[in-house]
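The values are calculated or read from the model by the stated rules, or taken from the named source; none is laboratory data. In this text, all values refer to a predicted model and were calculated from it rather than measured experimentally. In this analysis, Cβ positions are derived from the backbone assuming ideal geometry, glycine residues included, and neighbour counts consider all displayed protein chains.
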Amino acid sequence: MEDVELVAQAKQGDHRAFAELVGRHRRKIEYVCLQITGNSVDAEDALQEALTAAWQNLDKFRGDARFATWIHRIAANASLTIVKRRKPVDSIDAASEEYGILLEDPSAEFDDRVTTVDAVRRALATLPEDFRVAIVLAEFASLSYTDIAEHQGVNVATVKTRVHRARKKLAEILAPTVDF
């Protein structure tokens, strides 16, 4: 069944249809939340807020964009809201502590992967918010530049510039740490 059909059923109150819709997109939504917030605790909160908001506002979904685009936009906004209201605690250090436990695993390959994930999160956190959101939506949510432009309220050329500059900055930051 297509997303469009599931949306129609969910709009009529079908919880199972909504659950199937969310199930199809959950991994990418979770990853968007994680990359924007920088830690799994805030990401989980953002995910829950996004899913609740999506269910409560499903009647407002006009179908002009794909459901995936709509729900990723909600997830990104929920993540940004959590980041903005966060107490002035360094969330990247909190994320490092969270993953530091995993680094005790004796598997070197696993350690390298966790270290790389941590380095990417730290690098993402250094980007200006508009750049971070654009690159996360492009790379992790696989949204088109047009969808990102609509989400950010800018033109497509601005999104292309933001993604390009974000990639360039990430490459500069990660070059000493990560083999590309």
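Write out, first by first residue and then by second, each pair whose Cβ atoms fall under 8 Å of each other, whose residues are 6+ apart or on separate chains, and whose first residue, in the range 144-161, is assigned to a helix (DSSP H, G or I) while the second is exposed (fewer than 14 other Cβ atoms within 10 Å of the Cβ). Matching pairs, first to second residue: ALA149/ASN155; VAL156/THR146.
Flag not set for ARG165, criterion: more than 14 Å from the chain's Cα centre (by Cα), at pLDDT 80 or above and closer than 13 Å to LEU34 by Cα. Filtering the range 47-85 down to residues that are crowded, with 18+ Cβ neighbours inside 10 Å and charged (D, E, K, R), which residue is modelled with the lowest pLDDT? This residue is ARG73. ALA125 meets the conditions (1) within 26 Å of ARG86 (Cα to Cα); (2) at pLDDT below 90; (3) crowded, with 20+ Cβ neighbours inside 10 Å; (4) of a type in the set (A, V, I, L, M, F, W, C) in every case but one. The failed one is (3).
Note on the range 24-46: among residues that are in a helix (DSSP H, G or I) and small (Gly, Ala, Ser), the one that is nearest to SER79 (Cα to Cα) is ALA46. Output yes when any residue across the range 65-82 is touching a residue at least 24 places away in the same chain (Cβ under 8 Å), β-branched (Val, Ile, Thr) and over 19 Å from SER142 (Cβ atoms), and no when none is. Yes, the range 65-82 contains at least one residue that is touching a residue at least 24 places away in the same chain (Cβ under 8 Å), β-branched (Val, Ile, Thr) and over 19 Å from SER142 (Cβ atoms). Selection within the range 148-180: residues that are surrounded by 15 or more Cβ atoms within 10 Å (Cβ to Cβ) and in contact with a Phe, Trp or Tyr (Cβ under 9 Å, 6 or more places away or on another chain). The member of this set that is farthest from PHE67 (Cα to Cα) is LEU174.
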